[in-house]
Amino acid sequence: MPDAQTTRHIQDVHRLIEARLGLKGSTIQSQMGKLGRRRLPATLRRDIDAVAAAELHASHPTLSRQIDVGRVARSATLAVKALKTIDPMERRKTLILRGLAKWSALGIAVFIAVVWWLWATGRV
């Protein structure tokens, strides 16, 4: 079984992914599967994957001895530091604003097309 420090690192990353990204899952790997590839930087994803691998190995009695505690500690520290900078309300606001921008651009394009059509057919 892994030591208490490694278990705490795994739990910290799991808890922060749920709190900051809003992803629920039984393991870190299942949480990251719900996220998709494009939402996190590659370095953060790599650090979280290292912690997820340690979580997977920790559940197996033989493989738990192969966990690189130093790498898990470094990866968890970097992942926790990066996840703490994510603001859930800011992410939500950004998603809403991007959606509004898309609809606004579409509305402007339709308006221009209608005005052009009216001008081209001589109705204006």
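Between the listed residues Gly70, Thr6, Ala82, the Cα displaced farthest toward the positive end of the dipole of segment 1-86, a dipole computed from Cβ unit charges relative to the Cα centre, is found at Ala82.
Here's the list of lysines a cross-link from Lys84 could span, going by alpha-carbon distance under 24 Å and ignoring same-chain residues fewer than 8 apart: Lys24, Lys34, Lys93. Give the Debye-formula value of log10 I(q)/I(0) at each listed q (0.16 Å⁻¹), with one equal scatterer per alpha carbon of segment 52-121, two decimals each. Those come out to -0.76, one per q. Taking Cα atoms only, the orientation of helix 88-120 departs from the longest principal axis of the chain by about 20 degrees. Backbone phi angles across segment 26-33, fed through the Karplus curve with coefficients 6.51, -1.76 and 1.60 (θ = phi - 60°), yield HN-Hα couplings of 6, 10, 5, 5, 5, 5, 5, x Hz in residue order; Gly and Pro are listed as x.
Axis angle, to the nearest 10 degrees, between helix 42-58 and the longest C-alpha principal axis of the chain: 40 degrees.
Only one of (1) 29, 14, 12; (2) 22, 18, 13; (3) 48, 13, 11 was calculated from the structure for semi-axes √(5λ) of the Cα gyration tensor in Å, and its label is (3).
Find how much the distance from His60 to Trp117 grows on full extension, using 0.36 nm per residue of separation minus their present alpha carbon separation; answer in nm with one decimal. Write down the numbers at each step before the final one.
Numbers: separation 57, 0.36 × 57 = 20.52 nm, distance 6.78 nm.
Residue separation times 0.36 nm, minus the Cα-Cα distance, leaves 13.7 nm.
Considering helices alone, the calculated mean residue ellipticity of the chain at 222 nm is -25000 deg cm²/dmol, with DSSP H runs of length four and up weighted by -39500 (n - 2.57) and normalised per residue.
Each value in this text was obtained by applying a stated rule to the coordinates, not by laboratory testing. As the structure is a prediction and not an experimental result, all values here were calculated from the model. For neighbour counting, all protein chains shown are included, and Cβ atoms are generated from backbone atoms with ideal geometry for every residue, glycine included.
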